[in-house]
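Student: Got a structure for you, written out below as structure tokens; questions coming shortly.
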Amino acid sequence: MDATIQDEIHYCAVHPDRDTGLRCNRCDRYMCVECAKRTPVGYTCRECVRGHEDRFYQGTLLDYALVAAVSAGGGALTIFAALLLGGFLILGFILAPAIGGAAAQIALQLTGRRRGRQSAYVSVGALLIGGLAAGYLLTGTVGIFTLLYLALACSAAFARFKMSI
Ligand SMILES: [Zn+2]
Ligand SMILES: [Zn+2]
């Protein structure tokens, strides 16, 4: 880089009215103090900070498929266990959130830190579908308790995902 370029006045890439000497340490664009984010390795622009976060949260299609499969299995297991218990409603109310939470935990471990932003919703949706399908296949109908147990399992799974972010 030659001296004439360094002597020029540069402006923030986002705010063209603000001159600045600060540059992003990732993409090299000029940025004003307001746009600069301090990181352990220097100043980074907002775009690059956001891009970094997006990469962190970006789940692959396979991750979502894993989350969906494990959660659907958890949903089916919830209903299966609830039916086995028959009249023991209290046990069902304890078991449903336990299984939902466990399914979410397994899904989180399988996908590691690559989980996507949508993982929690994928998990809850798959739990519902798996549970409803199991309930319908086993009893020929969708009962109020099936829905109740699934609601418990879903909220447990959702909470588990939210806790991990
Ligand atoms: Zn940048
Ligand atoms: Zn700016």
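The values are calculated or read from the model by the stated rules, or taken from the named source; none is laboratory data. Keep in mind the model is a prediction, meaning the values are calculated, not measured. With ideal geometry, Cβ positions are generated from the backbone for all residues, glycine too; neighbour counts draw on all protein chains shown.
Student: Can you work out which of the residues in region 6-36 that are more than 9 Å from ligand 1 (Cβ to nearest atom) and in a strand (DSSP E or B) is farthest from the chain's Cα centre (by Cα)?
Tutor: Top of the filtered list is ASP19.
Student: Would a scan of region 54-72 turn up a residue that is in contact with a helix residue (DSSP H, G or I) (Cβ under 6 Å, 6 or more places away or on another chain), outside any helix (DSSP H, G or I), at pLDDT below 90 and among the small types (Gly, Ala, Ser)? Steps first, please.
Tutor: First pass over region 54-72, keeping only residues in contact with a helix residue (DSSP H, G or I) (Cβ under 6 Å, 6 or more places away or on another chain): 59, 63-64, 66-68, 70-72.
The next check asks that each one be outside any helix (DSSP H, G or I); those that pass are 59.
Subsequent filtering for residues that are at pLDDT below 90 retains 59.
Filter again for among the small types (Gly, Ala, Ser), leaving 59.
Among the residues of region 54-72, at least one is in contact with a helix residue (DSSP H, G or I) (Cβ under 6 Å, 6 or more places away or on another chain), outside any helix (DSSP H, G or I), at pLDDT below 90 and among the small types (Gly, Ala, Ser), which makes the answer yes.
Student: If I go through region 139-162 residue by residue, how many of them are over 16 Å from ILE94 (Cβ atoms), surrounded by 15 or more Cβ atoms within 10 Å (Cβ to Cβ), touching a residue at least 24 places away in the same chain (Cβ under 8 Å) and more than 24 Å from the chain's Cα centre (by Cα)?
Tutor: 1
Student: Identify all residues within region 148-165 that are over 23 Å from GLY112 (Cβ atoms) and at pLDDT below 90; write none if there are none.
Tutor: Result: LEU148, single match.
Student: Take the conditions more than 30 Å from LEU95 (Cα to Cα) and either modelled with pLDDT of 85 or more or among the polar types (S, T, N, Q) (or both) and apply them to THR20. Does it pass? Spell out the reasoning first.
Tutor: Numbers: more than 30 Å from LEU95 (Cα to Cα): yes; either modelled with pLDDT of 85 or more or among the polar types (S, T, N, Q) (or both): yes.
Considered against the rule, which asks whether it is more than 30 Å from LEU95 (Cα to Cα) and either modelled with pLDDT of 85 or more or among the polar types (S, T, N, Q) (or both), THR20 comes out as yes.
Student: Of all residues in region 118-138, which are farther than 22 Å from LEU91 by Cα and either among the aromatic types (Phe, Trp, Tyr) or crowded, with 18+ Cβ neighbours inside 10 Å (or both)?
Tutor: Answer for region 118-138, where residues must be farther than 22 Å from LEU91 by Cα and either among the aromatic types (Phe, Trp, Tyr) or crowded, with 18+ Cβ neighbours inside 10 Å (or both): SER119, ALA120, TYR121, VAL122, SER123, ALA126.
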